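J.: The structure that follows is given in the form of structure tokens.
The values are calculated or read from the model by the stated rules, or taken from the named source; none is laboratory data. No experiment lies behind these values; they were computed from the predicted model shown. Counting neighbours? That spans all protein chains shown, and the Cβs are built from the backbone with ideal geometry, glycine included.
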Amino acid sequence: MDVDVPAIPESYDRYRAALRSVIAAHRPTLVWRQRAGVRVPDLAEDVEKLRVYARAIYDAGYVLDRFRTERGDPYEQRILEQELSAAGVPHILGNPLVSGALRLFGTDEQRASYLPAIARGEHIWTQLFSEPDAGSDLTGLRTRGTEDGDDFVVVGQKVWSTWAQWADYGYLLARTEPVDGSGGITAFVVDMRTPGIDVRPLREITGTTDFNEVFFDEVRVPASNIIGARGEGWKIAQASLIEERSGVGGGAGGDPIQRLVRVARQHRRGDGAAIEDGAVRQHLGLLAARSRIQRHLGQRIATKAARGEISAADAPTSKIWWSELNLEISETALALQGPRSLATEGDALSYEDGRWQDAFLYARAWTIAGGTNEIMRNVIAERGLGLPREPRGQR
Amino acid sequence: MDFGFNEEQDLLRETSRRFLAERQPVASLRPRIEAPDIFDPEIWRHGAELGWTAMLIPAEFGGGSLTGQPLVDLMVLAEELGRVLNPGPFVGCNVVADALARSGRDLQAKTYLPDLAAGATTAAWCLSGDGAPVVSAVEVRATAESEVEAEGGGTGDGWRLDGVSRYVHEGSSAALFLVVALGEGDRVVNLLVPRTAAGLSSRTVTGLDLTRRFSEVTFDGVRVSAANEVPGGWDVVERCLAVATVLQAGDSVGAAEVLFAATVDYLQRRVQFGRTIASYQAIKHRLADLSMELEGMRVAAEYAALALGDGFDDAPEAVATAGAYVGDAFSHLCGEALQLHGGIGFTWEHDVHLFSRRAKANQVLFGDGSWHRERLVRLVEAATGATGEA
């Protein structure tokens, strides 16, 4: 048994130093304020600056594995991920979920034309999966693609698409085959500038606009834009979602429990600092334990993946564990601030300029998106424990 | 990265599981759950042949681990013994063996370890009585004495022990005690005391946990030679506590695993309103939650064994995490299992209460969850800078 991640050899110091200087030279200064979660800039100028930044990184020869077909040097990849995250501005523009689908199911031509363009910030992508009436029950989606000559004509409505307001391309699931359920779905690449597409930004509980609604009014998509084969869309989406979930977790800003300890030191409770309060300490102790366990669950899943022993319950377990802990951590941070937790971003009274208030509101994105935690519990129960499946009603 | 057991450990698991299924299934405990004794030394001697007591003892004293990671090997066994609610002094024997192997004097190791490794004798760790495992809770006083008879003959300096140590697992059958006592100025002394010592008596406590026996061990002017002190003071206690926490966590994981599987199985067979109750989403979601808790218990316990055994920098946090989470989660799982079983789970004949009773013991021995959570917070505080990002 070991949990060692091999240390990066000193011989890579030069690689890191060179990368750092590229980042330092091109890292943009943005008007947009960075927040926790998958967030989207609200100004076109900031998006343009980020495209230039991504391009500079790419042109200097730095490309993440997810955007290419051969794997790079593992140490270089680790350094690349570390340094790009440490830069504090997004280095991937758009929702990159399609990269897994293209790598696993795309044609060589599709891979060649799309993957490098994502890496260099030229193509911003959005995901067009969920619909107003097809959320948890995604296989019930109703957006339809009807074959017409060399094209499919798409009619329908999508929702919860991040980055759609700035997107160049969309990763679309639409119903093309004359069967109900998952077998009738096909995955497409859609040029977001095609006539008939209407993107309407959605404002969420955070007050920010990180998601969109997308309307399709007889949008013509060439048949050559199908990813994989007709009717394979569900399989492709599942494969790319699994790849995506393995990357969920973590987050910037260091150990969240240490951050909570700092909040507890800086706020009062009764006659002393909150950190001196027994009930507070017990609560932080439990969160600390659960936070460490989250890490060990990740180590266990990585081990099972390497041994080919992944079970259907693993990804949902990790997703629920992390998203509920993340929510509780932000709720705890607000509770520790007491009445001061009422002051938010931009107010002189706010603590850490309202980052915890925003984190609290945004935390619900994680308990709902990517399969609600209730659906995840169904998956654990049905596919992990072998319990009877939920009865299906009429569609 | 390989956070899982290897083939040798899997084989060890299989061997012990087969042996225990045959010789000591939970059903075999039934006739003795209300008897004064439940521990079977015969099974223990067989277990010793399977390595139950050997892992932390050096080969020269008859021990030896399976892999280079004896605590991880032991975690396999702790889980297996937990699965059948084994009544034996697995934690006590291994804690004392570890203390002797790491901190004991040569003569102490030579005298006691071979019999412990062979399962010929058992040992018990006498920490303290009520409350948390802290110095102030130790109720055994050690007074310096001269002219104390040494075990090998002759007389010399030594100690006189007075006081009591409670909730000592198999304290009424152990041949050897490692006693935590307070000397002058509350200096902590760890003393090896044979059961035969004059003035030592034990009384089995009528207990909540029907699967194990705990004793009150009384020291009434017990004389112990200075040669019987295991050097190291409170550091030895800390190490014993860490090993005990980890092994007890393993016991909880194994027992929880079995009870959870039995619960899932029962709910898939129990039919009400024309359908199995496992088909109700309210039940499915509770089982999904328990499955997550069980997985959390497992990784917390197993990581703690790895970190403590290999001396990781975060071993104290890892042990505290296991202590902070596992016992409480086990107890919660037992409560849910009982509730989900319904009326049948409330009967004496059903095994669920045996698990629940064991969980209540595991929840409070060697520091309860709140004590370990406080420890964990202190460790996080110490690592947290005054300002800036962590």
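J.: Identify all residues within the range A:324-334 that are in contact (Cβ under 8 Å) with a residue 60 or more places away in the chain and small (Gly, Ala, Ser); write none if there are none.
T.: Matches in the range A:324-334: A:ALA333 only.
J.: Looking at B:GLU229, B:GLU257, B:GLU238, which is the one that is out of contact with any strand residue (DSSP E or B) (no Cβ under 9 Å at 6 or more places or on another chain), in contact (Cβ under 8 Å) with a residue 60 or more places away in the chain and not β-branched (Val, Ile, Thr)?
T.: B:GLU257
J.: I would also like to ask the following. Pairs please, first residue from the range A:262-284 and assigned by TED's automatic domain parsing to the domain that holds A:LEU327 and buried (at least 16 other Cβ atoms within 10 Å of the Cβ), second anywhere and of a type in the set (Val, Ile, Thr) and not in a helix (DSSP H, G or I), Cβ atoms under 7 Å, 6+ apart in sequence or on different chains.
T.: Sorted first by the residue in the range A:262-284, then by its partner, the pairs are A:ARG262/B:THR384.
J.: Here are the criteria: (1) in contact with a Pro (Cβ under 6 Å, 6 or more places away or on another chain); (2) within 12 Å of chain B (Cβ to nearest Cβ). Tell me which single one A:ILE329 does not satisfy.
T.: (2)
J.: Would you call A:ASP358 acidic (Asp, Glu), under 24 Å from the mean Cα position of the chain (by Cα) and within 10 Å of chain B (Cβ to nearest Cβ)?
T.: no
J.: Could you list, in sequence order, all residues of the range B:126-154 that are buried (at least 20 other Cβ atoms within 10 Å of the Cβ) and either in a helix (DSSP H, G or I) or in contact with a Ser or Thr (Cβ under 9 Å, 6 or more places away or on another chain) (or both)?
T.: Scanning the range B:126-154 gives B:CYS126, B:LEU127, B:SER128, B:VAL138, B:VAL140.
J.: Answer yes or no: is there a residue in the range A:72-81 that is farther than 21 Å from A:ILE236 by Cα and assigned to a loop (DSSP other than H, G, I, E, B).
T.: Yes, the conditions are met somewhere in the range A:72-81.
J.: Right, next: Quick test for you: out of B:ALA322, B:ALA359, B:ALA315, pick the one residue that is in contact with a Cys (Cβ under 7 Å, 6 or more places away or on another chain) and on the phi < 0 side of the Ramachandran plot.
T.: Within the list B:ALA322, B:ALA359, B:ALA315, the selection yields B:ALA359.
J.: Continuing with the same structure: Take the conditions closer than 20 Å to B:GLU302 by Cα and of a type outside the set (Phe, Trp, Tyr) and apply them to A:GLU309. Does it pass? Please lay out each step first, then the result.
T.: Working: closer than 20 Å to B:GLU302 by Cα: yes; of a type outside the set (Phe, Trp, Tyr): yes.
Yes, satisfied.
J.: Search the range A:3-23 for residues being surrounded by 14 or more Cβ atoms within 10 Å (Cβ to Cβ) and not in a helix (DSSP H, G or I), and hand back the single one that is farthest from the other protein chains (Cβ to nearest Cβ).
T.: For the range A:3-23, the residue satisfying everything is A:ILE8.
J.: I've got another one for you. Could you look through the range B:320-350, keep only residues that are more than 11 Å from chain A (Cβ to nearest Cβ) and buried (at least 21 other Cβ atoms within 10 Å of the Cβ), and pick out the one that is nearest to the chain's Cα centre (by Cα)?
T.: B:GLY327
J.: Restricting the search to the range B:280-303, which residues are at the interface with chain A (Cβ under 7 Å from one of its Cβ atoms), of a type outside the set (A, V, I, L, M) and buried (at least 21 other Cβ atoms within 10 Å of the Cβ)?
T.: Result: B:LYS284, B:SER291, B:GLU295, B:GLY296, B:TYR303.
J.: Could we say that A:ARG55 is loosely packed, with under 15 Cβ neighbours inside 10 Å, of a type in the set (D, E, K, R) and more than 20 Å from the chain's Cα centre (by Cα) here?
T.: No.
So that you can scan it fast, the table gives a plain yes or no per residue for (1) touching a residue at least 40 places away in the same chain (Cβ under 8 Å); (2) of a type in the set (A, V, I, L, M, F, W, C); (3) surrounded by 14 or more Cβ atoms within 10 Å (Cβ to Cβ):
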position	(1), (2), (3)
B:TRP159	yes, yes, yes
B:VAL168	yes, yes, yes
B:GLY171	yes, no, yes
B:PHE177	yes, yes, yes
B:ASP186	yes, no, no
B:VAL189	yes, yes, yes
B:ARG203	no, no, no
B:ASP220	yes, no, no
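J.: Could you say which residue among B:SER28, B:SER103, B:SER16 is modelled with pLDDT of 95 or more, of a type in the set (S, T, N, Q) and buried (at least 21 other Cβ atoms within 10 Å of the Cβ)?
T.: B:SER16
J.: Which pairs have Cβ atoms under 9 Å, sit 6 or more apart or on different chains, and link a residue in the range B:1-29 that is among the aromatic types (Phe, Trp, Tyr) to one that is outside any helix (DSSP H, G or I)?
T.: Every condition considered, the pairs that remain are B:PHE3/A:MET1; B:PHE3/A:ASP2; B:PHE3/A:VAL3; B:PHE5/A:MET1; B:PHE19/B:LEU50.
J.: Please count how many residues of the range B:366-390 are assigned to a helix (DSSP H, G or I) and of a type in the set (Val, Ile, Thr).
T.: 2
J.: Please count how many residues of the range A:186-214 are surrounded by fewer than 17 Cβ atoms within 10 Å (Cβ to Cβ) and more than 20 Å from the chain's Cα centre (by Cα).
T.: Number of matching residues: 7.
J.: Please count how many residues of the range B:268-305 are touching a His at 6+ places or on another chain (Cβ under 8 Å) and within 15 Å of B:GLY335 (Cα to Cα).
T.: Adding up the residues that qualify gives 1.
J.: May I pose another question? If A:GLN337 passes every condition in (1) more than 11 Å from chain B (Cβ to nearest Cβ); (2) out of contact with any His (no Cβ under 6 Å at 6 or more places or on another chain) but one, which one does it miss?
T.: (2)
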